[in-house]
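Novice: Please see the structure below; I have some questions.
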Ligand SMILES: Nc1nc2c(ncn2[C@@H]2O[C@H](COP(=O)(O)OP(=O)(O)O)[C@@H](O)[C@H]2O)c(=O)[nH]1
Ligand SMILES: [Mg+2]
């Protein structure tokens, strides 16, 4: 039997569940998930190795109406750039809803001229099961999709079928990544992103959008990973918010990140984080590629 391999970017407006879908298709968390839109800032590749195929899924920052931040423009570029070299594209929408943001994502996918699979996510949220079929039919009128697959990423419903469907559209060819690799991102990135997820979940309003986390040092001590992280905020007042009274908020987030990293990598982690004010880091090319 011949081997198939290829890359499939995941497009969709913010919050439809792209990162959750990627993580659940891979059965490992490589991209952070939150209820807050615009959490994913980078194109992140996840690799799914099967006996006769290798599927490289690329999670993208949700395409958004451009604003003035350099970071936002770079995020849109990362999403568009993921289409170069792809074999097909997945467009994710929410069952029962279609917004202008979904049209924007679909148009981006159609512009690529690649074959397009529509993933209708969050079917668990539909109040009435019988509404699903008419919605799928309505979607079919939107574009000439190769397939339309309803799933629940969160409940891992129908994901095996989605993986099989996608694999069927991959071109024949050898693997793109060494077998056994799960993501193109290194440990430093994954640790920093994990803390960013926890801080995003524990802060509100503009703070999640104004903060960033980078690893400044990474060391192995025996089996343990020792990481030093820098949390960047835009304003002095945000520094206090992120740290929290008595340092409790930062401590709690670092602990949550550590526990989840330990579960994923099955080894001890030590995380030291400090918060620095870097005015307008999101407009500084040094701080956001
Ligand atoms: N109920 C339900 N929630 C989901 C599903 N998939 C994702 N979510 C939630 O939707 C939110 C956004 O998910 P995320 O993956 O970060 O979306 P992204 O912005 O498209 O990457 C999170 O709170 C997820 O838990 C699903 O199938 N069902
Ligand atoms: Mg995301």
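The values are calculated or read from the model by the stated rules, or taken from the named source; none is laboratory data. What you are looking at is a predicted structure, and each value in this text was computed from that prediction instead of being measured. Because the Cβ atoms are built from the backbone with ideal geometry, glycine has one as well, and the counts that use them run over all protein chains shown.
Novice: Determine, yes or no, whether residue 76 is modelled with pLDDT under 95, touching a strand residue (DSSP E or B) at 6+ places or on another chain (Cβ under 9 Å), over 21 Å from residue 121 (Cβ atoms) and more than 11 Å from ligand 2 (Cβ to nearest atom).
Specialist: Numbers: modelled with pLDDT under 95: yes; touching a strand residue (DSSP E or B) at 6+ places or on another chain (Cβ under 9 Å): no; over 21 Å from residue 121 (Cβ atoms): yes; more than 11 Å from ligand 2 (Cβ to nearest atom): yes.
No, not satisfied.
Novice: Select the helices (runs of 4 or more DSSP H) contained entirely in the range 127-236, then report the ones holding at least 1 residues which are within 16 Å of ligand 2 (Cβ to nearest atom) and surrounded by 12 or more Cβ atoms within 10 Å (Cβ to Cβ). Before you say what the answer is, go through the steps one by one.
Specialist: Details: elements: 132-140, 159-168, 187-202, 207-210.
So the answer is 187-202, 207-210.
Novice: Scan (1) more than 12 Å from ligand 1 (Cβ to nearest atom); (2) on the phi < 0 side of the Ramachandran plot for the single condition residue 36 breaks and write down its number.
Specialist: Status for residue 36: all satisfied but (1).
Novice: From 110, 57, 114, 88, which residue is buried (at least 20 other Cβ atoms within 10 Å of the Cβ) and more than 17 Å from the chain's Cα centre (by Cα)? Reasoning before the result, please.
Specialist: Working: 110 fails: buried (at least 20 other Cβ atoms within 10 Å of the Cβ); 57 fails: more than 17 Å from the chain's Cα centre (by Cα); 114 fails: buried (at least 20 other Cβ atoms within 10 Å of the Cβ).
Result: 88 is the single residue among 110, 57, 114, 88 that is buried (at least 20 other Cβ atoms within 10 Å of the Cβ) and more than 17 Å from the chain's Cα centre (by Cα).
Novice: Scan (1) within 16 Å of ligand 1 (Cβ to nearest atom); (2) surrounded by fewer than 20 Cβ atoms within 10 Å (Cβ to Cβ); (3) not in a loop (DSSP other than H, G, I, E, B) for the single condition residue 14 breaks and write down its number.
Specialist: (3)
Novice: For the condition within 11 Å of ligand 2 (Cβ to nearest atom), part of a loop (DSSP other than H, G, I, E, B) and farther than 21 Å from residue 97 by Cα, what is the one hit in 41, 51?
Specialist: Working: 51 fails: within 11 Å of ligand 2 (Cβ to nearest atom).
Answer to the selection: 41.
Novice: Picking from 31, 19, which residue would you name as being part of a loop (DSSP other than H, G, I, E, B) and more than 15 Å from residue 108 (Cβ to Cβ)?
Specialist: Values: 19 fails: part of a loop (DSSP other than H, G, I, E, B).
Among 31, 19, only 31 is part of a loop (DSSP other than H, G, I, E, B) and more than 15 Å from residue 108 (Cβ to Cβ).
Novice: Follow-up question, since we're still on this one. Can residue 156 be described as modelled with pLDDT under 95 and either in the same structural domain as residue 16 (by TED's automatic domain parsing) or within 30 Å of residue 225 (Cβ to Cβ) (or both)?
Specialist: Details: modelled with pLDDT under 95: no; either in the same structural domain as residue 16 (by TED's automatic domain parsing) or within 30 Å of residue 225 (Cβ to Cβ) (or both): yes.
In short, no.
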